[in-house]
Each structure stands twice: as structure tokens, then as C-alpha cells.
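Just so you know, all these numbers are worked out from the coordinates, no wet-lab data involved. Predicted model, so just to flag it, every value in this text is computed and none were measured. All Cβ positions, glycine included, derive from the backbone under ideal geometry; neighbour counts span all protein chains shown.
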Amino acid sequence: MYIVTHTVKGIAMSTFRAAAFSAALLAVLAAPVSAQDKPATSSVPLLKTTTTGDGVPLVYPTGTPEITARITTFPPGAETVMHRHPQPLFGYLLEGELTIYPEGQEPRRFKAGDAFMETAAWHVGRNEGSVPARLLAVYSGAQGLPLSEAHK
């Protein structure tokens, strides 16, 4: 029988062994990265609650659910009007400092990285810091429901 040989880096191989070597090398080079070689994801809980910031049980509005997320920027010295929210509001302070003054309650002070549920009471928000405060606000409301109501 006639056997053809090939040279791979100066080593003589039979056709069968050359094909097997090439297939094994290709399998190693083309193999997908295994799950253990990929970076793992991680989660850090920010908040888990059944109440608003002032202890009132969460109540979702009736109607067609609607989630609204927005970032509000408070320049240094900025203050909101007296208002309240007719739906649960989750807040996460991205930058700066923010103080919430709920009517009839102690002020609540937040710094960058703080997560909180907004108060159910009428309140004012104020940036008493020297840099802008950026607040990510996520409202769990319903279609047609205002995000806030100004005090009259």
C-alpha cells in the first residue's frame, strides 16, 4: 500500500495523522470560550420595600399601568414647589446631594449613590450642596395620572 507523507514543521506524517492533527488543532483554536472563562455578572440590591419613604404602605394606582423614568437635575440652591406624588416613586441620586422636606416630618438627606422611596406626604426637594444634584426618578403610575401634584 502506498502512504503519502507530509511535513509539518519538519516532522514527517502520514496523510491520516496529518488530517487528525489538523482537525485537533482547528478544534482547539475554534472552540468557544467556556462559561467559566467569561466574567460573571453581579448585582447589588439598592432597595426592597413595601412602604414609601415615610412608612405608608405602597399602593399602585388603578388603570393601565405606566412606568416613567426620568433624570431631574437640581442646580445648587434649586428647590421644587411643595408637591406630592399620586403613585410610588423610586429615587436614585446619581450625583450631588438632595434634601427632602416632608410636611410635618424631619428632613431626609440623600447623597450620590443613595436609593430611596419618595415620601407620600407633601414635600419640597432642595439642593443645598455646591454641585448639581442629578436624580433618577422612576414612577410606578398609570396612564393619564400626573407624576406630581402641586400644593395649592
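Of note:
- From phi via Karplus (6.51, -1.76, 1.60), per-residue ³J(HN,Hα) for segment 81-96 in Hz, x at Gly/Pro: 6, 5, 7, 8, 10, x, 8, x, 10, 8, x, 9, 7, 7, 8, x
- Pairs of alpha carbons in segment 65-150 whose separation is greater than 17 Å (percent): 45 percent
- Distance between the pseudo-spin-label points of Thr99 and Val131 (7 Å out from Cα toward the beta carbon): 1.9 nm.
- Backbone N within segment 47-64 under 16 Å of label point (7 Å from Gln143 Cα along the Cβ vector): 61-64
- Estimated FRET transfer efficiency when R0 is 30 angstrom, pair Leu58-Asp37 (beta carbons, to 0.05): 0.10
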